Amino acid sequence: MQAKKWFSIFTLTLAISILTPYAVRAGSPSRLPPAPAVKGIVRFEGAVPKPKVISMSADPSCAKQHPSPVFAQEVMTDSKGDLENVIVFVSEGLGDRTFDAPTQPVVVEQKGCMYTPHVLAVRANQPLHVVNDDPTSHNIHPTPANNREWNKAEPPGTSLDESFAREEIAIPVKCNVHPWMHGYVAVFKHPYFAVTGKDGTFDLSSLPPGTYTIKAWHEKLGMSTQTITIGANETKEISFVFKGM
């Protein structure tokens, strides 16, 4: 009788150990239907403008950090025409949905007397952490149209924190000490935006099903707009093409 009892326990334990991995896999997030998403690419069509050479001779501490020529970052493409630094975002279709601002800061560095990244995006009221990694003083001076303007000095090795309260695409940022330094900060009241990297791609994930106006903004090439309808668990791919200047 005792042997039979132990055999039953062993059989039950073995069955649980065999079936449990299947149960876990079946209920794991990787098995859930994908959330709606809009993905795509931004390209430049035509002759790419020749980039302007930046002269940093006015501040030798900047110039000596660059043994090779430094170019303006206005129109940046790869060999296939994939366009960098384009802000792609939902401009209409979210209705009255509201979203809490993230507490994690977005970082912008002043390094080599340039802003890195050149174009960035944040949420309204999300912290913007600005770092001076250079051996010279800078100041950071956003000039918004729909937010509070501020202008703060940054000695070498220091940082500061600021934020923008209202949506705005996009705020020019400059350094009054070094006139070649400029960049852009886009501010959104929702999380559905992306800035294209070197390959020109973007991904607007986890969109609720609906019809949306999607816009692509570039500092020199302007704005392009598309309307798209996306269903539950659906992924759609779109592309934006900017023409030569």
Answer label, with Kirkwood radius over Cα pairs in Å calculated from the coordinates and candidates (1) 21.1; (2) 17.7; (3) 19.8:
(1)
In degrees, nearest 10, the alpha-carbon axis of helix 2-27 is tilted away from the dominant principal axis of the alpha carbons of the chain by 30 degrees
Cα-based shape type of the range 52-163, given that a ≥ b ≥ c are square roots of the gyration tensor eigenvalues and the cut on a/c is 1.5:
oblate
Can you put S159, S79 in order of accessible area, largest first, using a 1.4 Å probe?
S79, S159
Within the range 69-192, what whole-number % of the accessible surface is contributed by carbon and sulfur, with the 1.4 Å probe and all protein chains included in the calculation?
49 percent
Contact order normalised by residue count of the range 60-144, Cα under 8 Å, 6+ apart, percent:
28 percent
If each DSSP helix of 4+ residues adds -39,500 (n - 2.57) and the sum is divided by the residues in the chain, what number results at 222 nm, nearest 500 deg cm²/dmol?
-4000 deg cm²/dmol
Per residue accessible area of the chain, 1.4 Å probe, in Å²
55 Å²
When only alpha-carbon atoms are used, what values of Rg and Dmax, in angstrom, describe the range 85-229?
15.8, 50
Relative contact order of the chain, please, whole-number percent, based on alpha carbon pairs below 8 angstrom and at least 6 residues apart.
28 percent
Lone cysteines in the chain, going by a 4.7 Å Cβ-Cβ cut-off?
C175
Dividing the convex hull volume of the alpha carbon atoms of the range 166-245 by its residue count, what do you get in Å³ per residue?
123 Å³
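The values are calculated or read from the model by the stated rules, or taken from the named source; none is laboratory data. Quick caveat: nothing in here was measured; it's all calculated off a predicted structure. All Cβ positions, even for glycine, are placed from backbone atoms using ideal geometry, and neighbour counts span all protein chains on display. Only protein heavy atoms, including side chains, enter the accessible area calculation; ligands, DNA and RNA are left aside. Shrake-Rupley method; radii C 1.70, N 1.55, O 1.52, S 1.80 Å.
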